[in-house]
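To start, the structure itself, in structure tokens.
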Amino acid sequence: VGVSEEDAICVLNTTNISGVVRFVQTSNWSVEVTANVTGLPPGSHGFHIHQYGDVTKGCASAGGHFNPLSMNHGGPDSVVRHVGDLGNIVANAEGVVVHCRRYYNFTLHGTHSILGRSIVIHADQDDYGRGGHNDSLTTGHAGARLACCSIVVSQ
């Protein structure tokens, strides 16, 4: 008996940055994440699930990275990492991101559900906790929060 396919969505809509992040639960511990974003500065940007879906004060009210296991920050393939550490997304020269990846450590239901949390796109590249900066093991030294949105159930 498998899990039926479930979907969630997060809609980015700031002054300059817009797009959609879609989440499809494809198995008990597998979620496919697809991001289509425009308006970002070219280059790599930290891409994380944050603790709260509250974006009433912009990205400042989203809290820290979703980290129910109290681990240090890491890359998306690291054993030691926050559940919300999705790695980097890369904007091309026109500021467009097309990203699709399957993740295996969170779900759209149960203990590690990301529903009601948020996506935050950061100004800088995530160093996966290996950069040696004072914030590498907490935020990946990914810099300011450029855009965010709440993760909600989609039709």
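The values are calculated or read from the model by the stated rules, or taken from the named source; none is laboratory data. Bear in mind that the values here come from a model prediction, so they are computed numbers and not experimental data. Cβ: placed from backbone, ideal geometry, glycine included. Neighbour counts: every protein chain shown.
Before we move on, is A8 more than 22 Å from G140 (Cα to Cα) and in contact (Cβ under 8 Å) with a residue 24 or more places away in the chain? Taking the combined requirement at face value, the residue satisfies it.
Restricted to region 100-133, and to residues there that are among the small types (G, A, S) and touching a Lys or Arg at 6+ places or on another chain (Cβ under 9 Å), the residue that is surrounded by the most Cβ atoms within 10 Å (Cβ to Cβ) is G129. Name the single residue, out of those in region 54-73 being crowded, with 21+ Cβ neighbours inside 10 Å and farther than 20 Å from T15 by Cβ, that is farthest from the chain's Cα centre (by Cα). Across region 54-73, the extreme among qualifying residues is H73.
Right, S78: of a type in the set (G, A, S), under 16 Å from T138 (Cβ atoms), out of contact with any strand residue (DSSP E or B) (no Cβ under 7 Å at 6 or more places or on another chain) and surrounded by 14 or more Cβ atoms within 10 Å (Cβ to Cβ) or not? It is true that S78 is of a type in the set (G, A, S), under 16 Å from T138 (Cβ atoms), out of contact with any strand residue (DSSP E or B) (no Cβ under 7 Å at 6 or more places or on another chain) and surrounded by 14 or more Cβ atoms within 10 Å (Cβ to Cβ). Among the criteria (1) touching a Phe, Trp or Tyr at 6+ places or on another chain (Cβ under 8 Å); (2) buried (at least 22 other Cβ atoms within 10 Å of the Cβ), the one C149 does not fulfil is (1).
Within region 34-74, if we keep just the residues that are without any contact (Cβ under 8 Å) to a residue 40 or more places away in the chain and not in a loop (DSSP other than H, G, I, E, B), the residue that is nearest to G140 (Cα to Cα) turns out to be S61. Among what's in region 1-40 and is among the aliphatic types (A, V, I, L, M) and more than 17 Å from the chain's Cα centre (by Cα), pick the residue that is modelled with the highest pLDDT. Step by step, filter region 1-40, then rank; the result is V3.
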